[in-house]
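Enquirer: Here's a structure for you.
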Amino acid sequence: MHRGPLTISKRTICQYTTRPRQHFISASSNSRVLLSNSVPISRTHYSTTRSKTSPLPNHIPPTLRDLKPLDFSAIMPHAEIPTPTTPGEFTPSEYPPFPSGLPTVQLETISLAKLLARDEAEQSRVFEICKGRGFFYLDLEDGNPTAGETLIRGAEAIAHAGTRTFALPLEEKLSYLMGATTTTTTGSGSDSGGAAGKPRQLFGYKKVGATLADKATGVRDTAEFFNVAKDDMVAPCADPADMPRRGASWPSSILEQRELFAGYMRAAHGVGMLILGLLVDKLGVKPEEIWNRHRIGELAGDHVRITRGPPRDKEEMPEIQTPSHTDFGTTNSITVLMNWLGGLQVWSESSHSAILTDGQPDVPGEWLWVVPKPGCAIINLGDAAVKFTNGVFCSGRHRVIPAPGPQGKFPRYSVVYFVRPEDKVIMEALEGDGIPKKELDFTGGEAEKKLTASEWIYQQALNIGTVFPSANPGAKN
Ligand SMILES: O=C(O)CCC(=O)C(=O)O
Ligand SMILES: [Fe+2]
């Protein structure tokens, strides 16, 4: 494993411990954050030792305060082309421009630097965007150099790790199937969430065709994913077998890059928390209320998703790589997306109902292309942000189809970070002057049961047509 300046403490706690109702996270010696009693946490997995940092303004979330630069010379010793990789799989410098003449969406560009500087006008722009479409570009180049560089270069390094992962024989990839747990499912082991007897993990490999793109026709998706659990990469476990989600059951192309993934996850998580913190602040809710539901050291559904969509040699684009959806479960939680080729489309009209049973748009409109913008992440809110604010914010509907025109002859990679509430967080609205009191019904009519984040994420995955494999990795869906 590469050893860069981002070091993970050996003071490893990779077992469940019982904690009292009030806890502190030691973000740094001068920034102890009292965790709210309203966040029920009965156990914790790991904690990290953090070095002393200088005091920063209190709108900066703990993960950004503590962010260390990644040593890319160790991670990518041969400039931008780490070895071994599959030729032609991920070559952003060769991509032709996005073709003209297609209906595109004009997303606004928000400056990370201005958000960090607490620029009032920039904060108001983000607030208005998130009440509307809930999608924007975040310019990383003029922001926090550590977070910006980690996300821009880190996403490329992760995509390269993806090329090595997707190049594995299908049989081996199937041994890492999502939902195929390697550990006990009794509730005392490393899984959490999900109803009894159901697959409990959304981490690992998703093969082509595992999701129904159209329930009526039975047409399935064409993309493969690898969902890399934040908990496993960030946990300072000396022995990977102790990692809380899949243990050591990850391909070596991912295990060898734990420091890269951990650094990337911290940067993306920190950026997500910065944005969510300022958004809820505008609704009369202290940013800590959001941060304390998303502590990086606690078990949560956060993950980096590496997506690979197949290239095509014909003009026709009948297939759907990732079907219409809203991002479930991120308090969005927020999604920090890096992509290099077209293919992402957003629905032209926003809807605040967010959670639908069949994944299809519920308001008239059309699909609009999102053009990738160099140096920028694409940020979008997810369904949990709608839930936490009782519908003030919008979780934008989107999908992925093959890249248009000549771009389509390249395999399409994206690197997505989903920030999600801690598993034990009860999914209910926050209290603040700007949050309507009436709870939205997210179940499509049934009396709403209060679900924890992990139960809720699993339910939402079923709603959009995810077909979970059985615990037998070789089983057919
Ligand atoms: O690949 C992309 O550009 C978007 C992927 C996405 O929306 C998702 O994985 O939820
Ligand atoms: Fe998405």
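The values are calculated or read from the model by the stated rules, or taken from the named source; none is laboratory data. Given the structure is predicted, the values throughout are model-derived calculations rather than measurements. Every residue, glycine among them, receives a Cβ derived from its backbone with ideal geometry; neighbour counts consider all protein chains shown. The protein model used for the area step is the full one, side chains on, heavy atoms only, and it has no ligands, DNA or RNA in it. Shrake-Rupley method; radii C 1.70, N 1.55, O 1.52, S 1.80 Å.
Enquirer: Kirkwood Rh, Cα Rg: Rg to Rh for the range 371-422? Working shown, then result.
Expert: Working: Rg = 14.6 Å, Rh = 13.7 Å.
Looking at the range 371-422, the ratio lands at 1.07.
Enquirer: Leaving ligands, DNA and RNA out of it, rank 146, 389 by accessible area with a 1.4 Å probe, largest first.
Expert: So, going from the largest accessible area down, we get 146, 389.
Enquirer: In square angstrom, rounded to the nearest 10, how much accessible surface does residue 64 have for a 1.4 Å probe?
Expert: 10 Å²
Enquirer: Still on this structure, please answer the following. Provide the net charge surrounding residue 224, with neighbours chosen by a C-beta distance below 10 Å and charges set as Lys +1, Arg +1, Asp -1, Glu -1.
Expert: +3
Enquirer: For the pairs 114/373; 173/230; 131/230; 282/437; 286/450, flag any whose C-alpha to C-alpha distance is greater than 26 Å. Intermediate values should be presented prior to the final figure.
Expert: Numbers: 114/373 18 Å; 173/230 19 Å; 131/230 28 Å; 282/437 16 Å; 286/450 23 Å.
Checking Cα-Cα distances, 131/230 exceed 26 Å.
Enquirer: With the other protein chains left in place, how much accessible area per residue, in square angstrom, belongs to the range 85-134 at a 1.4 angstrom probe? Write out the running numbers ahead of the final one.
Expert: On the way: 2570 Å² over 50 residues.
With all protein chains present, the range 85-134 gives 51 Å² per residue.
Enquirer: At a probe size of 1.4 Å, how large is the accessible area of residue 95, to the nearest 10 Å²?
Expert: Number for this one is 40 Å².
Enquirer: Probe 1.4 Å, all protein chains in place: accessible area of residue 149 in Å², nearest 10?
Expert: 80 Å²
Enquirer: How much area per residue is accessible in the range 226-334 when the probe is 1.4 Å and only protein heavy atoms are counted (Å²)?
Expert: Using a 1.4 Å probe on heavy atoms only, each residue of the range 226-334 averages 23 Å².
Enquirer: Amide H neighbours of residue 60 under 5 Å, at least 5 residues apart or on other chains, H built in the peptide plane: list them.
Expert: Close amide H contacts, sequence-distant or interchain: none at all.
Enquirer: Then there's this: In a shell of Cβ-Cβ distance under 13 Å around residue 368, excluding residue 368 itself, what net charge do Lys and Arg (+1) and Asp and Glu (-1) give?
Expert: Charge balance near residue 368 sits at +1.
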